[in-house]
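Enquirer: Shown below is the structure under consideration.
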Amino acid sequence: MTQVQGQETAESIKLKTPNKYHVIMLNDDSTPMDFVVQILVMVFKKTTEEADRVMIEIHEKGRGIAGTFSYEVAEQKCVETVQEARHAGYPLDVVIEETE
């Protein structure tokens, strides 16, 4: 509140909504489809049906949106995905892209 000539007026502050980021899974020739579904369920909390749809999109289009998050969460999901993939011996890769 500020005072203007004896009157109090409320100042409104508009906060900008934080940007959102897509975590994009990239297709490769080595990672099994079942493993991709497993990651989508385990890391991205997709249902099996949702994971199957995303996996098919990745397979057919070469990439698919695994989820949309704040930057920090998207970054953590990428780290978890790559760690799980490397631990299992797969080259699965992900990228982060800002939404429009």
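The numbers here are math on the coordinates, done by the rules we state, and not lab data. Everything quoted here is computed from the prediction, not taken from an experiment.
Enquirer: If you line up the long axis of helix 48-61 against the longest principal axis of the chain, both from Cα atoms, how many degrees apart are they, to the nearest 10?
Expert: 80 degrees
Enquirer: Counting each DSSP H run of 4 or more residues in the chain as -39500 (n - 2.57), what helix-only mean residue ellipticity at 222 nm follows after dividing by all residues, to the nearest 500 deg cm²/dmol?
Expert: -13500 deg cm²/dmol
Enquirer: May I ask you to list the lysines whose Cα is less than 17 Å away from that of Lys46, ignoring any residue fewer than eight positions away on the same chain?
Expert: Excluding near neighbours in sequence, the set is Lys77.
Enquirer: Something else: Over segment 16-98, calculate the relative contact order: mean separation of alpha carbon pairs under 8 Å at least 6 apart, over the residue count, as a percent.
Expert: 49 percent
Enquirer: What would the Debye equation give as log₁₀ I(q)/I(0) for the chain at q = 0.13 Å⁻¹, counting only Cα atoms as equal point scatterers?
Expert: Here the Debye-derived log intensity ratios amount to -0.48.
Enquirer: What is the helix-to-structure angle for 71-88, meaning the angle in degrees between its Cα long axis and the longest Cα principal axis of the chain, kept from 0 to 90 and rounded to the nearest 10?
Expert: The helix 71-88 is inclined about 10 degrees to the chain.
Enquirer: Highest GNM mean-square fluctuation, the chain, Cα pairs closer than 10 Å: which of Leu26, Leu40, Leu15?
Expert: Judging by the Gaussian network model, the answer is Leu15.
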